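The values are calculated or read from the model by the stated rules, or taken from the named source; none is laboratory data. Quantities reported herein were computed from a predicted structural model and do not represent experimental measurements. Neighbour counts are summed over all protein chains in view; Cβ atoms, including those assigned to glycine, are modelled from backbone coordinates with ideal geometry. Keep in mind that these areas ignore ligands, DNA and RNA; they rest on the heavy atoms of the full protein, side chains included. Shrake-Rupley method; radii C 1.70, N 1.55, O 1.52, S 1.80 Å.
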Amino acid sequence: MSSSQSLLLLLPSPLSPPPLRRIGGPVPPYSRPTTARNLPRLATKLCLPPLATSPSGGFGDGSCSGGDGGDAGGGRGWWQGGRGDPPDDPGDGWRRWLQSLHPELFLLFLLLQSDAFASIPSALADAIGATGGSVWEVRGSARTLLVPNPTGTSYLVDKRNQEEETEKVGAGHGELTALQRQLERSWRRCTDFALQLLLPDGYPHSVSSDYMQYSLWRGVQGVASQISGVLSTQALLYAVGLGKGAIPTAAAVNWVLKDGLGYLSKILLSKFGRHFDVNPKGWRLFADLLENAAYGLEILTPVFPHLFVPIGAAAGAGRSAAALIQAATRSCFYAGFAVQRNFAEVIAKGEAQGMVSKFLGIMLGIALANQIGSSVPLALISFAGVTVVHMYCNLKSYQSIQLRTLNPYRASLVFSEYLLSGQVPSVKEVNDEEPLFSNSSVGAQLKQSEILSAEAKDAAERICRRLQLGSKLSEIIENKEDAHALVDLYKDEQYLLTDYKGKFCVVLKEGSSPEDMLKSIFHVNYLYWLEKYMGFKPFNVAAECRPGGRLDASLDYVQREFTHVKLDGSNSGWVMDGLIARPSPVRIRLGGSP
């Protein structure tokens with residue numbers, strides 16, 4: 001019989017309380033407010049039977065205070081004014097206080113002191129084993145099997161597999177196998193440490209699915225970029241006169257002047273920051289082209305040493321501009337990778353990966369530069385080969401990124417397909433279809449789409465060419481009647497939309513949000529398909545705003561359907577809280593003081 005079973009058999013009978021005796025006699029006035037009728041829950045708690053009986057007139061004898069009275073057995077204690085007197089012995093008071101405690105507390109105390117709870121881990125392990133499951137410790141992608149210890153009070157790392165392998169190995173190979181196992185453990189520790197330094201905590205669940213592919217391509221291109229940097233730096237040093245007896249002060253002045261003029265480009269380019277949000281992939285590829293062009297100019301400086309400052313300044317301007325664009329667009333990419341809002345950690349790990357690439361690239365670049373020496377033709381040939389590798393890796397890395405935000409092109413693809421088939425295309429389908437540069441097919445991957453149709457792709461391209469986001473009202477309205485009709489139709493919206501000279505003109509009101517702009521893009525898509533399939537052509541603005549007109553009918557549909565398309569888009573992984581766009585800064589205010 002187990003200890004827990006024997007414990008239950010030895011428990012006293014008060015676990016099934018006997019019926020309480022009714023005590024006769026008058027009740028003191030001060031005890032009446034505590035009757036069960038006045039405080040039923042409190043009276044119930046006070047009437048629990050004690051675990052042991054006491055002498056008559058003691059702290060309790062199985063009776064309950066607050067009854068109708070007591071008999072000769074001393075039903076009321078000394079505190080109720082009964083026959084009992086206060087105890088003279090202080091120890092007697094403690095004994096009576098212990099007797100008044102609830103039996104459940106004694107039961108819990110005894111169970112804790114016994115082995116009843118000690119068998120819980122083993123029972124849990126038996127239950128898991130009976131169902132065919134196991135207990136695993138998960139840390140990122142590493143999984144360790146845990147088994148209960150012999151006493152069943154805790155879990156330990158499973159070493160049975162290692163012991164079984166050791167038994168299978170013969171005596172002659174025991175030392176070799178132990179050494180091999182030790183090397184494997186050391187290698188595993190080193191790789192785990194490297195992964196902790198280079199990958200976000202909880203990988204792969206803490207980042208998006210495109211993170212690893214992007215990081216690998218970026219690592220290779222980082223190595224190629226550093227090789228080009230070493231070659232260009234060596235060429236600049238030859239051009240400035242290193243090793244030819246040049247005056248150090250003059251060389252330093254030329255170098256500082258070159259960098260100072262290059263910094264101006266970074267300041268001037270900062271005004272185009274909003275462009276980087278709309279199309280980060282295209283701008284990032286443009287920055288890589290600009291960086292490689294700057295490296296090429298620097299390699300050419302030894303050929304024209306008298307033009308060191310202008311050539312170096314132009315190259316420095318290109319490198320500074322490229323660095324600004326790369327830093328700005330990198331934030332857009334990392335924000336998409338951080339699916340658990342671990343934005344800072346993703347950036348930190350990305351910088352660590354970049355440092356590893358730079359370190360490897362510098363070593364390879366130094367080795368290549370020692371072989372090339374001062375030969376400009378060899379430097380150009382080597383630079384051309386490295387540039388091809390660099391640009392190819394850049395292109396593959398940007399194609400692997402899956403942006404979940406909506407710019408005008410991606411929004412038009414999603415909305416057009418939704419209007420055609422009622423389905424929202426996946427994030428990967430839309431990103432594979434989107435070109436890196438507007439009005440071109442550079443970067444678009446020609447793959448068979450599951451949902452995205454050719455008609456939706458063509459519509460998105462046409463809509464983006466005809467879209468004017470942030471138009472001026474004075475340029476698209478020709479008379480007062482049209483202006484009043486538009487304002488009255490869109491009185492509940494934060495934008496005005498009309499078709500003017502083949503363009504979809506969206507006039508934004510003051511205070512319009514990115515969500516309002518996204519709604520206007522959905523409206524533009526619906527107008528396009530009305531024009532294409534229903535035969536609606538642009539007509540008088542005032543007439544189109546009347547009930548049954550094209551603008552009135554389309555606005556009614558958009559107001560009813562926009563909530564549904566937002567919900568479907570969110571379920572497909574899209575960020576539907578607003579449009580990432582670069583509208584004109586012109587806004588209109590209707591009524592009120594300026």
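Return the residue satisfying two criteria in turn: it lies in the stretch 423-438 and is more than 23 Å from the chain's Cα centre (by Cα) and either aliphatic (A, V, I, L, M) or open to solvent by less than 50 Å² (accessible area, probe 1.4 Å) (or both), and of such residues it is modelled with the lowest pLDDT. Explain how you work it out, then say what you get.
First pass over the stretch 423-438, keeping only residues more than 23 Å from the chain's Cα centre (by Cα): 423, 433-438.
Then drop every residue that is not either aliphatic (A, V, I, L, M) or open to solvent by less than 50 Å² (accessible area, probe 1.4 Å) (or both), which leaves 433-436.
Numbers: Glu433: 89, Glu434: 89, Pro435: 87, Leu436: 83.
Of everything passing the filter in the stretch 423-438, Leu436 is modelled with the lowest pLDDT.
Go through Val414, Val424, Val430 for me and flag whichever is outside any helix (DSSP H, G or I) and under 27 Å from Gln468 (Cα atoms). Reasoning before the result, please.
Values: Val414 fails: outside any helix (DSSP H, G or I); Val430 fails: outside any helix (DSSP H, G or I).
Just a single option satisfies the conditions, and that option is Val424.
Out of all the residues in the stretch 235-250, is one or more in contact with a helix residue (DSSP H, G or I) (Cβ under 8 Å, 6 or more places away or on another chain) and at pLDDT 85 or above?
Among the residues of the stretch 235-250, at least one is in contact with a helix residue (DSSP H, G or I) (Cβ under 8 Å, 6 or more places away or on another chain) and at pLDDT 85 or above, which makes the answer yes.
Name the single residue, out of those in the stretch 571-586 being open to solvent by 60 Å² or more (accessible area, probe 1.4 Å) and out of contact with any Gly (no Cβ under 8 Å at 6 or more places or on another chain), that is nearest to Leu518 (Cα to Cα).
Restricting attention to the stretch 571-586, the residues satisfying the condition of being open to solvent by 60 Å² or more (accessible area, probe 1.4 Å) are 571, 577, 582, 585.
Checking which are out of contact with any Gly (no Cβ under 8 Å at 6 or more places or on another chain) leaves us with 571, 577, 582.
Details: Asn571: 17, Asp577: 8, Arg582: 12 Å.
Here the residue is Asp577.
List pairs: first residue in the stretch 579-590 and closer than 15 Å to Leu467 by Cα, second residue of a type outside the set (A, V, I, L, M, F, W, C) and open to solvent by 80 Å² or more (accessible area, probe 1.4 Å) anywhere in the structure, Cβ distance under 7 angstrom, at least six positions apart or on different chains.
Pairs found: Arg582/Arg274.
Looking at (1) crowded, with 21+ Cβ neighbours inside 10 Å; (2) touching a residue at least 60 places away in the same chain (Cβ under 8 Å); (3) more than 39 Å from the chain's Cα centre (by Cα), find the lone condition where Ser471 falls short.
(3)
Output the number of the condition that Asp192 fails; it satisfies all remaining conditions of (1) within 29 Å of Val389 (Cβ to Cβ); (2) at pLDDT 80 or above; (3) not hydroxyl-bearing (Ser, Thr, Tyr).
Tallying (1) within 29 Å of Val389 (Cβ to Cβ); (2) at pLDDT 80 or above; (3) not hydroxyl-bearing (Ser, Thr, Tyr), Asp192 fails exactly one: (1).
Just one of the numbered conditions (1) part of a helix (DSSP H, G or I); (2) more than 30 Å from Lys349 (Cα to Cα); (3) at pLDDT 80 or above; (4) open to solvent by 50 Å² or more (accessible area, probe 1.4 Å) is not true of Leu216; which one?
Condition (2) is where Leu216 drops out.
Please enumerate the residues belonging to the stretch 352-371 that are under 41 Å from the mean Cα position of the chain (by Cα) and either under 12 Å from Gly219 (Cα atoms) or open to solvent by less than 30 Å² (accessible area, probe 1.4 Å) (or both).
Ala352, Gln353, Gly354, Met355, Val356, Ser357, Lys358, Phe359, Leu360, Gly361, Gly365
For residues in the stretch 308-341 being more than 19 Å from His275 (Cβ to Cβ) and among the β-branched types (Val, Ile, Thr), which is modelled with the lowest pLDDT?
Here the answer is Val309.
Suppose we keep only residues that are small (Gly, Ala, Ser) and buried (at least 21 other Cβ atoms within 10 Å of the Cβ) within the stretch 290-312. Which one would you say is farthest from Tyr238 (Cα to Cα)?
To start, the set of residues in the stretch 290-312 that are small (Gly, Ala, Ser) comprises 293-294, 296, 312.
Pick out the ones that are also buried (at least 21 other Cβ atoms within 10 Å of the Cβ) and you get 294, 312.
On the way: Ala294: 17, Gly312: 13 Å.
Restricting to residues being small (Gly, Ala, Ser) and buried (at least 21 other Cβ atoms within 10 Å of the Cβ), the top hit is Ala294.
Please count how many residues of the stretch 258-289 are of a type in the set (D, E, K, R), crowded, with 20+ Cβ neighbours inside 10 Å and touching a Leu at 6+ places or on another chain (Cβ under 6 Å). It would help to see each step written out before you state the result.
Just the residues of the stretch 258-289 that are of a type in the set (D, E, K, R), to begin with: 258-259, 266, 271, 274, 277, 281, 284, 288.
Now restrict to residues that are crowded, with 20+ Cβ neighbours inside 10 Å: 258, 281, 284, 288.
Still in the list and also touching a Leu at 6+ places or on another chain (Cβ under 6 Å): 281.
Residues in the stretch 258-289 being of a type in the set (D, E, K, R), crowded, with 20+ Cβ neighbours inside 10 Å and touching a Leu at 6+ places or on another chain (Cβ under 6 Å): 1 in total.
Going by the conditions given, is Ser374 at pLDDT below 90 and either in a loop (DSSP other than H, G, I, E, B) or crowded, with 16+ Cβ neighbours inside 10 Å (or both)? Outline the logic, then answer.
Values: at pLDDT below 90: yes; either in a loop (DSSP other than H, G, I, E, B) or crowded, with 16+ Cβ neighbours inside 10 Å (or both): yes.
Yes; evaluated as a whole, the condition is true for this residue.
Given the structure, is Asp568 more than 19 Å from Ile476 (Cβ to Cβ) and either open to solvent by 50 Å² or more (accessible area, probe 1.4 Å) or without any contact (Cβ under 8 Å) to a residue 60 or more places away in the chain (or both)? Steps first, please.
On the way: more than 19 Å from Ile476 (Cβ to Cβ): yes; either open to solvent by 50 Å² or more (accessible area, probe 1.4 Å) or without any contact (Cβ under 8 Å) to a residue 60 or more places away in the chain (or both): yes.
Considered against the rule, which asks whether it is more than 19 Å from Ile476 (Cβ to Cβ) and either open to solvent by 50 Å² or more (accessible area, probe 1.4 Å) or without any contact (Cβ under 8 Å) to a residue 60 or more places away in the chain (or both), Asp568 comes out as yes.
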